[in-house]
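Engineer: There's a structure below that I have some questions on.
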Amino acid sequence: MSDFKYKPNELFCENVKVRAIAEAVGTPCYIYSSQSLVSQFLKLKKAFAAINPLICFAMKANDNLAVVKTLVKQGAGCDIVSGGELKKALAVETDPQKIVYASVGKTEKEIEESLNAGILLFNVESLPELEEIERIAVKLGKKAKAALRINPDVKAATHDRITTGTLQKKFGIDLTTAHKILKNKEKYTQVDVVGIHMHIGSQITSKKPFITAIKKVAVFIEELKADGIALEYFDIGGGFGIVYNEEDPFCVQDFADSIIPVLKKTGLKIIMEPGRFICGNAGILVTQALYIKDNGVKKFLIVDSGMNDLVRPSMYDAYHEIIPLRKMSWKKEKMDIVGPICESGDYFAKDRPVYAAVKKGDFLAIMSAGAYGHVMSSNYNSRTRCAEVLVKGNKYYVVRERETYADLVRGQVVPDFIK
Ligand code: PLP
């Protein structure tokens, strides 16, 4: 995480002392580096320059407007999965012709909104969905373009809950069904089926599953061509992994070098949908130590952020490095680092060697929290969702305010019969 560094004993994000932000904004808070976001986007763009793909940032990883706008300004499009993400993508002036929309459960309202916005592609996940888009497009008198999301039935070497490209999962359309749909595609008067989409999972650190799946789909595209079915787009999805702990880094240049010849051969315009790769290492969650508790068997470091702020460890057993904002050099001892939520699953680390000198009031950074962090946060235990901060150079900006207690009761009503 090159934009988060000790200089020499204090953690900085770019040129801002992280502790200064924590003291001013309060904790917990997410902090993102603008430079990291841009450099990850450019790394991908450069690696694939030979085919100039449309890079649609997967907003599900981080939908903060300032984060999305940072990438849109660099030329990114958006991969969306809901009407809410569409609204946000448009709010930061994403070119609708750079918006692609995947989701197994698009509603009539969401389809209408996307048709009215004039998005580039619906990544269609089933035959009934395609028919629904056609019906709504006819009703509105709008034309739509669609890509079929293929489920290539390839296992990605990642956590089961973020594997999406096998037939045990709800995503996409199997090859046989896809072929049938494409053979009949002329029957849709308002929807032009012009592409193939795939996304096999997330946090995949080996290029192998991508290569296997892309090659399999490329063969399918050749078969379609042989049947006279012409397409325009091949959207290869996202899923490129990042380093959380000791994983081998995913080398995009190496992946690009291996796959560009296959992609070029399809003759199609390539789209990709990276989320985590762009923003995962560009963000941290800052928290403060509240108590240290020793029950004779275990020690617990209790902090002021919880699974409602960052659910990845509880949900996926995910590893996040945790470091003090002010470097400590004393001996380490093993502790669980836990939040205040009333769930045993509310932890950030188990039996983790922690600086024994850590004490109440110390600030800690939970690293690599820029993707699937704040977006997955909740109000569980009636906790307010935390603030988000964007750093650029030697300045920082609060890009989402911490929620207040008023936000917690907004929209709730106690009916008269109970009063
Ligand atoms: N595209 C689709 C369809 C997805 O479902 C996802 C995430 O699961 C992504 C892109 C982004 O994945 P990642 O953040 O791993 O790049």
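The values are calculated or read from the model by the stated rules, or taken from the named source; none is laboratory data. Just so it is clear, the model here is predicted, and its values are computed rather than measured. Heads up, the Cβs are rebuilt from the backbone with ideal geometry, glycines too, and the neighbour counts pull from every protein chain shown.
Engineer: Just for helices (runs of 4 or more DSSP H) wholly inside the stretch 215-334: which have at least 2 residues that are at pLDDT 95 or above and of a type in the set (K, R)?
Structural biologist: Result: 252-266.
Engineer: Give all pairs with beta carbons closer than 9 Å in which a residue from the stretch 209-221 that is more than 10 Å from K155 (Cα to Cα) meets a residue that is of a type in the set (D, E); count only pairs at least 6 apart in sequence or on separate chains.
Structural biologist: Listed by first residue and then by second, the contacts come to K216/D153.
Engineer: So which strands (runs of 3 or more DSSP E) are wholly in the stretch 121-203 and hold at least 1 residues that are over 20 Å from E110 (Cα atoms)?
Structural biologist: In the stretch 121-203, 191-197 are the strands (runs of 3 or more DSSP E) which contain 1 or more residues that are over 20 Å from E110 (Cα atoms).
For every residue, the table says whether it meets (1) under 30 Å from R312 (Cα atoms); (2) not aliphatic (A, V, I, L, M).
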position	(1), (2)
L54	yes, no
N62	yes, yes
K69	yes, yes
G75	yes, yes
G83	yes, yes
V92	yes, no
V100	yes, no
G118	no, yes
F122	yes, yes
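Engineer: Between L127, L86, which is at pLDDT 95 or above and surrounded by fewer than 21 Cβ atoms within 10 Å (Cβ to Cβ)?
Structural biologist: None of the other options fit; the residue is L127.
Engineer: Could you list, in sequence order, all residues of the stretch 374-419 that are part of a helix (DSSP H, G or I), closer than 29 Å to V16 by Cβ and acidic (D, E)?
Structural biologist: Once the filter is applied, which keeps residues that are part of a helix (DSSP H, G or I), closer than 29 Å to V16 by Cβ and acidic (D, E), the stretch 374-419 yields only D407.
Engineer: I would also like to ask the following. Hey, does the stretch 33-48 have a residue that's within 26 Å of V286 (Cβ to Cβ), in contact (Cβ under 8 Å) with a residue 60 or more places away in the chain, assigned to a strand (DSSP E or B) and in contact with a helix residue (DSSP H, G or I) (Cβ under 7 Å, 6 or more places away or on another chain)?
Structural biologist: Yes, there is a match, as at least one residue in the stretch 33-48 is within 26 Å of V286 (Cβ to Cβ), in contact (Cβ under 8 Å) with a residue 60 or more places away in the chain, assigned to a strand (DSSP E or B) and in contact with a helix residue (DSSP H, G or I) (Cβ under 7 Å, 6 or more places away or on another chain).
Engineer: Please work out which residue is nearest to the chain's Cα centre (by Cα), limiting yourself to the stretch 49-65 and to residues that are within 16 Å of the ligand (Cβ to nearest atom) and not in a loop (DSSP other than H, G, I, E, B).
Structural biologist: The qualifying residue nearest to the chain's Cα centre (by Cα) is A58.
Here's the yes/no breakdown for (1) under 16 Å from R149 (Cα atoms); (2) of a type outside the set (V, I, T):
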{"residue": "I181", "(1), (2)": "yes, no"}
{"residue": "H197", "(1), (2)": "yes, yes"}
{"residue": "K207", "(1), (2)": "no, yes"}
{"residue": "F210", "(1), (2)": "yes, yes"}
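Engineer: Report, by residue number, each residue of the stretch 308-330 that is more than 18 Å from N245 (Cα to Cα) and touching a Pro at 6+ places or on another chain (Cβ under 9 Å).
Structural biologist: Scanning the stretch 308-330 gives D309, K327.
Engineer: If you don't mind, there's one more thing I want to ask. Residues in the stretch 170-183: is at least one within 30 Å of R312 (Cα to Cα) and free of Cβ contacts under 8 Å to residues at least 40 places away in the same chain?
Structural biologist: yes
Engineer: Next up: What are the residues in the stretch 45-62 that are among the small types (G, A, S) and surrounded by fewer than 16 Cβ atoms within 10 Å (Cβ to Cβ), if any?
Structural biologist: A49, A50
Engineer: Say whether the condition of being in the same structural domain as F250 (by TED's automatic domain parsing), over 26 Å from M307 (Cα atoms) and within 14 Å of the ligand (Cβ to nearest atom) is met by at least one residue in the stretch 66-76.
Structural biologist: Looking through the stretch 66-76, at least one residue is in the same structural domain as F250 (by TED's automatic domain parsing), over 26 Å from M307 (Cα atoms) and within 14 Å of the ligand (Cβ to nearest atom).
Engineer: Here's something else I'd like to know. Which residue pairs have Cβ atoms under 6 Å apart, sit 6 or more places apart or on different chains, and have a first residue in the stretch 356-374 that is touching a residue at least 60 places away in the same chain (Cβ under 8 Å) and farther than 10 Å from P324 by Cα and a second that is among the charged types (D, E, K, R) and surrounded by fewer than 20 Cβ atoms within 10 Å (Cβ to Cβ)?
Structural biologist: Here the result reads M367/E321, each pair linking the stretch 356-374 to a residue that is among the charged types (D, E, K, R) and surrounded by fewer than 20 Cβ atoms within 10 Å (Cβ to Cβ).
Engineer: I've got another one for you. Looking only at the stretch 227-285, which residues are within 9 Å of the ligand (Cβ to nearest atom), in contact (Cβ under 8 Å) with a residue 60 or more places away in the chain and among the small types (G, A, S)?
Structural biologist: Within the stretch 227-285, G238, G239, G241, G275, G280 meet the criteria.
Engineer: Quick one: count up the residues across the stretch 89-119 that are among the β-branched types (V, I, T), over 16 Å from A58 (Cα atoms) and either in contact with a Pro (Cβ under 6 Å, 6 or more places away or on another chain) or surrounded by fewer than 20 Cβ atoms within 10 Å (Cβ to Cβ) (or both).
Structural biologist: Total meeting the criteria: 1.
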